[in-house]
Ligand SMILES: Nc1nc2c(ncn2[C@@H]2O[C@H](COP(=O)(O)OP(=O)(O)OP(=O)(O)O)[C@@H](O)[C@H]2O)c(=O)[nH]1
C-alpha cells in the first residue's frame, strides 16, 4: 500500500530551509475553509429554492437515510439525496406553510453552524493560559514518564501532558502556592529542597532564553535547524538542561476512547498514541499533549452517532457535517499554552494533520516554532512486524520483569479490597509470584 503523502503545502513538509511563522493567518484560512462548506450547503439550498419555487425545500440534515417509497434504504444517502428526497417526500405530505417553516428551520441551523465556526475562529485567536495542577511519575514498559494534569482557561477539561525526560519542567507547577508546605508541594509533584532552587533557576533562564530567541533572525533559526537534525539525539539529551529545548519530538493527540481504551480499529488513534510514545521514548525526551477533544471536538456521544452514519455509507467528514458539526471542531490554544508552560518553544511535530500544523504555527502571541513535521507512518502498511508488535500490541506482550509495580498494586487489591487474586506466602514487593488463576484464558495470556 502506498505511503500517504499528506496534502500540505510545501511550507508544512519537513523543510529544507527553515519556515517562517504567519501568526493569525492559519486560523483565518482554516475558518474560511470551514465556513465555505456551510455556505456552500446554504447556497445549494437557495438555488434549489429558486428553481422549485412552489415546491417544499430541504429536510433537516439529521435525516440521513434514503426514502424509497414506504421503505427506507439505510445506506448511501448523500447530502444531494437529502435535498432531492426531501423535496419529493415533503411535497406529497406536507402543506407549503409547514414546509416553509422547515425550510426556515434548516436555514437557521446552517446559520448556527456558521456561528459555531465563527466562535471557533474567535477561540483560535484568543490567548489561552494553562496551569499545571499536578505532576506524577508513571512507570510503563518502556521506562517512565511524567503525567501532567492541566487546567486551562479555554474550557473545563483536564488536559494532559505526557512528558518524557526528567528535565522538562512545568513553570506553573513550580510556582509557589500561598501557605503551602513542602509536603503540599511534593503531593502535587512540585520540586522541593535543593532541586527546587535548581529547577527555579532553570525556569528563570528559560524565560530569558525564549525572549532572546523570539525575535531570532534567519541565521539563528538556520543554526537551530541544523543542530536539531545533525546532532545525535543522545548527545542533545546529554547536553540538555532545563533551559535548553532543542526541538524535541512533540505530538498533539486528541482523546479517542474508542481507539485507545477499547481498541477500536475504526481509527488509528490507539496505534498513534502507542507509536508516539515509542518514538519519543527512543529519543529519551519529548512531550505528548493529550487534549480532551474526543471525536475531533464533538464529544463521544456525537462521534458514536457519526459512526452510525458511517455505517450507512457516509465518510467521517460528511457524517460530522450531517450532524451539524464542523468536520473538525478542534482548536489548539490549550496545546500551545501547555507547551509554552513546559518550556517547549521549538519542536518536531509528530503528525500527518495539516490543520494541526497550521494552527500551531499560527495563533496570536504564539512563540512556538514547528521546525518540521514527522509523519506518523501506519506500520501495518509495511512488513515491519516487530515495530508494530512493540507499539500497537504492546499491552499483549507484557513480561513479568516490567510489571513489578503493577504486581504490588494487584497485591494491595487482593489484600485490602477483596480482589480474587492469590500470591505465594513468600511475596515481596520486588519479587512477586502470582499463582496461576483457574481461568484458562488468563493463564494462557500470562504464559
Ligand atoms: N467525529 C469523528 N471523530 C473521529 C473519528 N475517528 C476518530 N475521531 C477522532 O479524531 C481525533 C483524532 O483525529 P485524526 O485526524 O485521526 O488524527 P489527528 O490527531 O487529527 O491527526 P494526526 O496528527 O495526523 O494523527 C480523536 O479525537 C478521535 O476521537 C470519526 O470517525 N469521527
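How far is it, in nm, from the label point at residue 147 to the one at residue 400 when both lie 7 Å from their Cα along the line to the Cβ?
2.7 nm
With a Förster radius of 45 Å, plug the Cβ-Cβ distance of residue 377 and residue 100 into 1/(1 + (r/R0)^6) and report the FRET value to the nearest 0.05.
Calculated value: 0.25.
How much FRET efficiency would the formula 1/(1 + (r/R0)^6) give for residue 419 and residue 304, where r is the Cβ-Cβ distance and R0 is 30 Å, rounded to 0.05?
Working from the Cβ atoms, E equals 0.45.
Quick one: 255, 260, fewest Cβ neighbours within 10 Å first, how do they rank?
So the residues, fewest neighbours to most, are 260, 255.
With label points built 7 Å along Cα→Cβ from the Cα atoms of residue 157 and residue 315, find their separation and express it in nm.
2.4 nm
Could you calculate the contour length gain from residue 166 to residue 389, that is, 0.36 nm times the residue separation minus the distance between their Cα atoms, to one decimal place in nm?
77.6 nm
To make sure I understand, if each residue's beta carbon is the centre and we count other beta carbons within 10 Å, what order do 372, 256 fall in, fewest to most? Before the final figure, lay out each step's value.
Details: 372 19, 256 23.
Ordered from fewest to most neighbouring Cβ atoms within 10 Å, 372, 256 come out as 372, 256.
For each of 151, 144, count neighbouring Cβ atoms within 10 Å of the residue's Cβ, then give the residues from fewest to most.
144, 151
Using the C-alpha gyration tensor of the range 306-386, what are the square roots of 5 times its eigenvalues, in whole angstrom, with the largest one first? Kindly include the intermediate steps, with their values, before the conclusion.
Working: eigenvalues 166, 93, 17 Å².
So the equivalent ellipsoid measures 29, 22, 9 Å along its semi-axes.
Rule-based calculations on the coordinates, nothing more; no lab input. Values in this document were obtained by computation on a predicted structure and should not be read as measured data. Neighbour counts are summed over all protein chains in view; Cβ atoms, including those assigned to glycine, are modelled from backbone coordinates with ideal geometry.
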